[in-house]
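S.K.: Can you keep this structure in mind? I'll have questions shortly.
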Amino acid sequence: MDKQAALKQIYEHDFVPLLEENLQALEAEFQRNKTILTVDLVSAFREMCQLIKNMQDRNEKAPIGYIHFSMLRTSILDQTYLYVIEAYSDEWYFDQVDCTVTYDASWAFRSIASIIDVLDQKRKPYIGLLNRADVERIILSSSHYFHQFVATLLRLAVYQMIEMPEYQSIQKAKFLFIRTGEFKDQSEQVYVEDLTPLHENDLKQRLLDEGETEHPFENVKGTTLRDLRIVEKDLRYSDFGMGDFSNSQFRNCVLLGTTWRNADLRDVDFSGSILSDADFSGSDLRGVRFDAVKGNVFREGSYRTGLLGIRFTNANLDGASLVGAHFGDQVDFKDASMQGTMLSKSDQEHFKLSPSQLQTVQWVD
C-alpha cells in the first residue's frame, strides 16, 4: 500500500463517519443554543464598530466597504479556534490600515481536537506511510464543514448587528459588504448595505426582466412594489424588510435566507418556493399562500442548508394557507396571530403552537 491509498482508506473508513457523528452533535447543540450563541458574536461585532468609530474620529480609517469574519487555519491547529474580524475601506485588501478584533468560535470547532486524537491513533498501523501532519491536513481540508455553522449563526445575528447604534454611527462606503470565509481566501456574502439612491421603477423592471433569473442579495428594503408577478427566479438572501409587496406573486422562486421583517405581504402567493431560513418576523401575512413551499433543512453530504428554519415571530398569519408546506421542525410561530390560519393535519406533530393558536387555526386534511 502506498501513501495515497493509505490516506484514502483512513479518510473513507475512519474520518468520514467520525466527521458526520461530530457534525450531527454540533447541529443539535447549535439548535439548542443558537440564540445564546449570538450574544458573543454580536458583542465582537460591537467591539469592531467601536474600534472603527474611534479610528474614523482620528481620521485613521476611510469609510468602510467590507467587514469580514475570517476563519484562521492556524487557530484550528493551535486549538484556539479564533476568527479575526477585519474592516476595510472599499479598496478591500488594498486597504493597508489594520482594523481587527477577534471572535472565539470554539463552540463550533472544539470537537476537532478529539477527532485529531482519534485519527492519530488510527494512522499508527500505517507505519512509514502516515504521520500526524497528514491527519492535520485531513482536518484542515474539512474545516469548512464546521465553519458553515459560524456562517449560519452570523446570518441569524446580522440584522441585530446592523440595527445597533455602534454600527449606525460608523462612516460607510457607497456599498458595505459583510462577508465570511477563510482568511484572505474564498468567502461568502452575508449582508450588503447599498447607500445609493433607490429608484423603485428601475428595481421593478430589473426584477421582472424575463432574461435575468438570478438576483441574489437584492436590497429591496422599504420599497413599495405591489402587484409583482415573479416566477422561478433566484432571490436568495435578498432584503425585502419593511416594504409593501401586497398582492404579489413569488411563485416557485428560490427565496433562501430572505428577510421580510415588518413587511406588508397581504395576499402574497409564495406557492412552490424555497423559503429555508426566511425571516417573516413582524410581517403582515394575512391571506398569504404558502402552499407546497419548502422550508426544511437540506443536507448534501456534510453540508447543511436551512438550519435557521422559518421565523414568523410576531407576524400576522390570519387567514393564511400553509397547506402542504414542508417546514420541518425548525419553524417559529412565537406570538404570531393565527386566526383561521390553514395548516395540514399531518403537521400537527411538527408545529409548536401555543394553546391560543391551537384554538384558532384550521386543520385541513
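The values are calculated or read from the model by the stated rules, or taken from the named source; none is laboratory data. Bear in mind that the values here come from a model prediction, so they are computed numbers and not experimental data. A quick note on method: Cβ atoms are made from the backbone with ideal geometry, for glycine too, and the neighbour counts reach across all protein chains shown.
S.K.: If you take the residues of region 242-258 that are closer than 15 Å to T213 by Cα and of a type outside the set (S, T, N, Q), which of them is surrounded by the most Cβ atoms within 10 Å (Cβ to Cβ)?
M.R.: Checked region 242-258; the qualifying residue surrounded by the most Cβ atoms within 10 Å (Cβ to Cβ) is F250.
S.K.: Still on this structure: Looking at D239, D279, D269, which one is surrounded by 22 or more Cβ atoms within 10 Å (Cβ to Cβ), farther than 16 Å from L203 by Cβ, touching a residue at least 12 places away in the same chain (Cβ under 8 Å) and not polar (S, T, N, Q)?
M.R.: D279
S.K.: Of these, D98, D104, which one is assigned by TED's automatic domain parsing to the domain that holds V16 and surrounded by 13 or more Cβ atoms within 10 Å (Cβ to Cβ)?
M.R.: The match here is D104.
S.K.: Would you confirm, using the coordinates I've provided, whether D234 is buried (at least 17 other Cβ atoms within 10 Å of the Cβ) and under 24 Å from the mean Cα position of the chain (by Cα)?
M.R.: no
S.K.: If the requirement is being within 30 Å of D2 (Cα to Cα) and among the small types (G, A, S), which of these qualifies: S141, S169, S106?
M.R.: S141 is the lone residue from the list that is within 30 Å of D2 (Cα to Cα) and among the small types (G, A, S).
This table checks each residue for (1) within 22 Å of D269 (Cβ to Cβ); (2) in contact with a helix residue (DSSP H, G or I) (Cβ under 8 Å, 6 or more places away or on another chain); (3) surrounded by fewer than 19 Cβ atoms within 10 Å (Cβ to Cβ).
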| site | (1), (2), (3) |
| --- | --- |
| I310 | yes, no, no |
| N314 | no, no, yes |
| K334 | no, no, yes |
| Q339 | yes, yes, yes |
